[in-house]
Amino acid sequence: MIHVPAPDPFAVFGLARSLDLDERTLEQRYLKLSRECHPDLHRAKETGDCIAVLQRAAEINDAWKILRDPWQRARALLELLSPGALERNKKLDPMFLADALELAEEVAFASAENVPQLRTRLSGAVASDMQTLRAQLARGDVDAAARTLHASHYHRKALQDLDAKS
Amino acid sequence: MSSEAATPTSPRLVVGIDLGTTNSLAAIRAGKGARVLRDADGEPLIPSVVCFHPDGRTLVGREAKAERLAHPDRTVFSIKRLIGRSVHELGDEPKRLPYPIVAGERDLPRVRVGERQWSPEAISALILQRVKQTAEQALGQPVQHAVVTVPAWFDDAQRQATKDAAALAGLDCLRILNEPTAAALAYGIDGSKDGTALVYDLGGGTFDVSILRIDDGVFRVLSTAGDTHLGGDDFDELLGQRILAALPRVAGKVGASEDPYVLQAVRKAAESLKIKLSSAERADLQLDLGARGTVTLTVTRAEFEAAIAPLVQRTLDCVQRAVKDAGLRLEQIDDVVLVGGSTRVPMVRARLRGLLGKEPHTGVDPDLAVALGASIQADVLAGNDRSLLLLDVIPLSLGIETLGGAVQKLILRNSTIPTSVTEEFSTGVDNQTAVDLNVFQGERELAKDCRRLGHFKLRGIPPLPAGLPRIAVTFLVDADGVLRVTAREQRTGVEASIQIVPSFGLTRDEVRRMMLDSIENAQADYVAREAIDVRNKAEAMVRGTQKALAMAELPPDQTYAVQKAVKALGKLLAANADAAALKQGCDDLTKVTATIADDVISAAVAKALREEQQGS
């Protein structure tokens, strides 16, 4: 089974491809598009529940899900800028992987009083990943950006696991 | 806020219907507000009860409820607890009902009345018909279109069954709407008050909690959680057990708990005890069961609360999970809304207040809020109101079974609907023309722990060597939360036909436990799942590489190197090696093939296609 990527979320939202989107603007845009395209508000025009209307509404919801999350947004952007870059750069530095494994263990065994400090550290790591990624994209180094994105996945996952714990 | 003048191309009258476990009713949008539709006696609530009287009449509503004690085995109530489920899933629930349940086709429950068997859909349809008639009398005109509400936690099968019931009642169901979402609409009709609301909906048989963000007329559900098997009926059941225990034992007679009359009388007495205990500190019961003897019992509120405490705690666990899933903290909830008759129980209110630190809103009658909200959404769908928009979510993840019994999740729970995902599938055997897909709903990693919604058969795949067809299957969840599947073969553009066989294979208990279990068992699931994935991957690699080798013309030294690595991996598979060893074997094979893979595959594919064309 192979996942077929959803349509370009930036195009669905009519936005220029960019890593940096203003959260509030994005949300407003989502609500506006939903009003324009949601099947509920188009029933009266006898469009009914036809697949095309549903599909368009689904595209908007699915694009919103990607764009609102900085990591998923970055992944979609990279895939659009350089298809295959993510697949090509899957192999990560063994040293990094060892660190990531250690981090996952640290999260799994974190005591309640260590959680806030660990959260700050992980949030910092995710933020710094995004900074690095931004710089790499700015100088057009998609391969380095792809590796950063893959690495960032581990930080993000650790943060999610930490949140699920508490 | 913008509100266009309503000039619908085809003005339609659309009512909102709350099809409840205990009571049902309809409402209609009226000006800025909404009003419930009452019968000739001014009553809005229609008991969700149907009585098949021995004299041949079919009674619905209050008349049917009045026959509960006279004809306990012919008076059907709480049918909502059975809809869209299988007999197997119901477990021992039918034993506690005074009317007989038998297994019909595909193990679906049927209510047996004399010679006839009734499906839950058909009984729900009788209730909906009565609601429709009441609405028509109140409005003085025919009603054909409706929005019908369901618990947010209802899955695909239960939603579909409810739609079927509406169709059987002669209603065009324009939307299946989630009850807590409807209630939120009733509380913030024009959506002018922005903020975050938590709707706590404890009805007769189901519990839902939804978190909504209201933003300039857009009601966006952020998360939902619940239990389709927890409600006021369960409170009654606990009180009923106390009454049964106090019943004098009569030697040599059939157990009291198997006598339909006693069951129904006890149920009725328990309900009245519960209602008394909502306003009084203690309640007395004098129950005369004729030959069965008399029960005299006093229950204090403290005793009642101790008995229901674990159930109330379960609802609070759901509340916390929903808040977390919404990405919020408890203190970020601006408003708390109570819906459902069971929220009248003082302990429920007190515990919720304790958890959220806020006084819940009770401005709208909890029995009417859902229908009122449904009528507002009905007005939107009729094209009369374009200022409001509802964005709801799917309550449980949807996925398909992969080799070895793992579930690959395609659509995650709490995704805004409509939503869709497209995956590409291929064949495993040469000239295979059909592919089977099993669709599951639930949060667990393995298929056996999720609920199998149905079985999809893709047909009409062009005969090609294994792995060559590319069938794109689109899973679309519509605005009712119901799944639609379409498929297309990519090379030929042929629309594959899909045959859907709905099934309800697993116990409902598993669905109920799924969320909690998925947290508790996440680790064990992950390990089991990973082992299956690695094995599948290794097997596919061995097959694929052998095939490619046979088709591609490689220099002998390369062929030898690849064959060596394939053999090594094959040996590991035959020896049932663990996941780590298999992973290593896969990596070794990849290393060998990586440099030549592109050439081999493109050559192999080209050759296979050439042979295919020559053959035909």
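The values are calculated or read from the model by the stated rules, or taken from the named source; none is laboratory data. These figures come from a predicted structure and were not determined experimentally. Reconstructed Cβ throughout: ideal geometry from the backbone, glycine too, with neighbour counts over all protein chains shown. For accessibility, only protein heavy atoms count, side chains too; no ligands or nucleic acids. Shrake-Rupley method; radii C 1.70, N 1.55, O 1.52, S 1.80 Å.
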Identify, please: which residue in segment A:1-12 is part of a helix (DSSP H, G or I) and more than 30 Å from B:N384 (Cα to Cα) and is, among those, farthest from the chain's Cα centre (by Cα)? A:A11
Out of B:V380, B:V348, report the one residue that is touching a helix residue (DSSP H, G or I) at 6+ places or on another chain (Cβ under 7 Å), in contact (Cβ under 8 Å) with a residue 24 or more places away in the chain, within 30 Å of B:P47 (Cβ to Cβ) and open to solvent by less than 10 Å² (accessible area, probe 1.4 Å). B:V348
Being under 20 Å from the mean Cα position of the chain (by Cα), open to solvent by less than 20 Å² (accessible area, probe 1.4 Å), away from chain A (no Cβ under 11 Å) and touching a residue at least 24 places away in the same chain (Cβ under 8 Å) is the requirement here; does B:P360 meet it? no
Looking at B:S375, B:S397 in this structure, which one is closer than 26 Å to B:K448 by Cα, under 25 Å from the mean Cα position of the chain (by Cα), surrounded by 20 or more Cβ atoms within 10 Å (Cβ to Cβ) and away from chain A (no Cβ under 11 Å)? B:S397
Name the pairs: first residue in segment B:28-56 and closer than 18 Å to B:A125 by Cα and touching a residue at least 60 places away in the same chain (Cβ under 8 Å), second residue in a strand (DSSP E or B) and of a type in the set (G, A, S), Cβ to Cβ under 8 Å, at least 6 apart or on different chains? B:L45/B:S24; B:I46/B:S24; B:S48/B:S24
Among residues belonging to segment B:287-329 that are among the hydroxyl-bearing types (S, T, Y) and either part of a helix (DSSP H, G or I) or modelled with pLDDT under 90 (or both), point out the one that is surrounded by the most Cβ atoms within 10 Å (Cβ to Cβ). B:T315
For the list (1) outside any helix (DSSP H, G or I); (2) within 13 Å of chain B (Cβ to nearest Cβ), I need the number of the one condition that A:L19 fails. (2)
Reported set for segment B:406-438 where residues are within 13 Å of chain A (Cβ to nearest Cβ) and either among the aliphatic types (A, V, I, L, M) or open to solvent by less than 10 Å² (accessible area, probe 1.4 Å) (or both) is B:A406, B:V407, B:L410, B:I411, B:L412, B:S415, B:I417, B:P418, B:T419, B:V421, B:V435, B:L437
Can B:A540 be described as under 41 Å from the mean Cα position of the chain (by Cα), within 30 Å of B:L412 (Cβ to Cβ) and modelled with pLDDT of 75 or more? yes
Scan segment A:13-29 residue by residue and report those that are more than 16 Å from the chain's Cα centre (by Cα) and farther than 23 Å from A:L133 by Cα. A:G14, A:Q28, A:R29
Scan the helices (runs of 4 or more DSSP H) fully inside segment A:54-166 and keep the ones with 3 or more residues being open to solvent by 20 Å² or more (accessible area, probe 1.4 Å). A:70-81, A:94-108, A:115-138, A:142-165
Residue that is assigned to a helix (DSSP H, G or I), touching a Cys at 6+ places or on another chain (Cβ under 7 Å) and not aromatic (F, W, Y), where the choices are B:K132, B:K163: B:K163
Kindly evaluate B:T224 against the criterion of being closer than 22 Å to B:A371 by Cβ, in a helix (DSSP H, G or I), touching a residue at least 60 places away in the same chain (Cβ under 8 Å) and hydroxyl-bearing (S, T, Y). no
Any hit, segment B:323-333, residues being closer than 17 Å to B:G232 by Cα and more than 14 Å from chain A (Cβ to nearest Cβ): no
Scanning segment B:166-199 residue by residue, the ones that are in a strand (DSSP E or B) and either touching a residue at least 40 places away in the same chain (Cβ under 8 Å) or more than 14 Å from chain A (Cβ to nearest Cβ) (or both) total 10
Could you tell me whether B:I123 is open to solvent by less than 30 Å² (accessible area, probe 1.4 Å), closer than 20 Å to B:E67 by Cα and not acidic (D, E)? yes
Among the listed residues B:A552, B:A548, B:A577, which satisfies the condition of being within 47 Å of the chain's Cα centre (by Cα), at pLDDT below 80 and surrounded by 17 or more Cβ atoms within 10 Å (Cβ to Cβ)? B:A548
